[in-house]
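Step one of this worksheet: look at the structure below.
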Amino acid sequence: MTPSTGSAKNTANPEPAVANLAGKLGELARELQQEPDTDALLTDIVHAALELIPHVADASVSLVVGRRTVESRAASGELPLRIDALQSATGEGPCIDAAYEQRIVRVPDMRNEARWPKFAQAAYEAGARSMLSFQLFVKGDNLGALNLYGEDVNIFDEESEQVGLLVAAHAAVAFSGAQEISQLNQALGTRDLIGQAKGILMERFKINSLQAFHILTRASSETNIKLRDVADHLASSGEILTRNRI
C-alpha cells in the first residue's frame, strides 16, 4: 500500500533545508573571520541577518554605552536608528535588556508590550511592530546587541529565533576576533612609533636605546601625555614635548 499524499508530506525530509542553512552559516563564519575592520564586520552581520533569518524586515547592531546610551553602529534603514534613539531617550527597551540581562529578548507585539512603558508605545508609533534582540558581546560597561525588526506583530516564529541565535553566535565570535586584531594592530603601530622616536633621539644625541626610551618616558610623565603621543609628535615634528611645548 502506497502512502497517501498527506502522509508523505508529514514525513518530508527536512535535511536539505538544514544542510543549506548549515552551508550558509559556514560561509558566513569564513567571511566574518576574514574581515578585520570592525565597522565593516558589523555591516556584514546586519546583511547576513537580513538574508538568513526568516521574517526580518530591518536589522541593526547597536552598542549600549554606560548602561543607557544606545548607538546604532550598523543599521539597514531608518527604523533601527529611530528605535535606538528612543531607547537612549527613555533608558529602556529590548536592546538594553538583551545586552545586560538576557541572551535574547522577544517582542511579539510592541503595541501591547508592558515591560517598557515609556518606550513601547513610541516605538510602535515609529514603526516597530515586533522585535528580536540578541546579546552579541559584553566589554565592561559597553555591550552590543543584534536587533531584528518585523513588519507586522507576531511575525517572528521559532525558526526566526533559532536561526537568529546561530547568526548572533557566529557574529559574537567574529567580533571578538576583530577586536583582538584591532588591538594587536594598534599595539604594533605604537611599538613602531616608539621605535622611530628612539631612533631619532639616538642619532641626535648619540645615545643608546635605553637612554632614548628614558627621555621619552620622562617627557610623557612631565607633560602628562601618553607615551605613544609623545613618540608620534617627535617622529612627525622632530620636537620633544616639554611642559613649555604642550
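The values are calculated or read from the model by the stated rules, or taken from the named source; none is laboratory data. Keep in mind it's a predicted model, so treat the numbers as computed, not measured. When we count neighbours, we look across all protein chains shown, and the Cβ atoms used for this are built from the backbone with ideal geometry, even at glycine.
Take the residues of the stretch 209-246 that are closer than 17 Å to residue 191 by Cα and outside any helix (DSSP H, G or I): which is modelled with the lowest pLDDT?
For the stretch 209-246, the residue satisfying everything is 226.
Of the residues in the stretch 60-88, how many are out of contact with any strand residue (DSSP E or B) (no Cβ under 9 Å at 6 or more places or on another chain) and over 20 Å from residue 42 (Cα atoms)?
Looking only at that region, the number is 1.
Could you list, ordered by first residue, the pairs with Cβ atoms under 8 Å in which the first is in the stretch 115-136 and surrounded by fewer than 20 Cβ atoms within 10 Å (Cβ to Cβ) and the second is of a type in the set (S, T, N, Q), at least 6 apart or interchain?
If the second residue must be of a type in the set (S, T, N, Q), the pairs left are 118/90; 122/90.
May I ask you to verify whether residue 199 is buried (at least 16 other Cβ atoms within 10 Å of the Cβ) and modelled with pLDDT of 80 or more?
no
Any idea which of 147, 154 is part of a loop (DSSP other than H, G, I, E, B) and either modelled with pLDDT of 85 or more or outside the structural domain of residue 49 (by TED's automatic domain parsing) (or both)?
Criteria check complete, one pass: 154.
Here's a check for you: in the stretch 89-119, which residue that is in contact with a strand residue (DSSP E or B) (Cβ under 8 Å, 6 or more places away or on another chain) and of a type in the set (A, V, I, L, M, F, W, C) is nearest to residue 168 (Cα to Cα)?
Taking the candidates together, the pick is 104.
Looking at the stretch 69-82 only, could you name the residues that are within 23 Å of residue 139 (Cα to Cα) and in contact with an Asp or Glu (Cβ under 9 Å, 6 or more places away or on another chain)?
Residues satisfying the conditions are 70, 71, 72, 73, 74, 75, 80.
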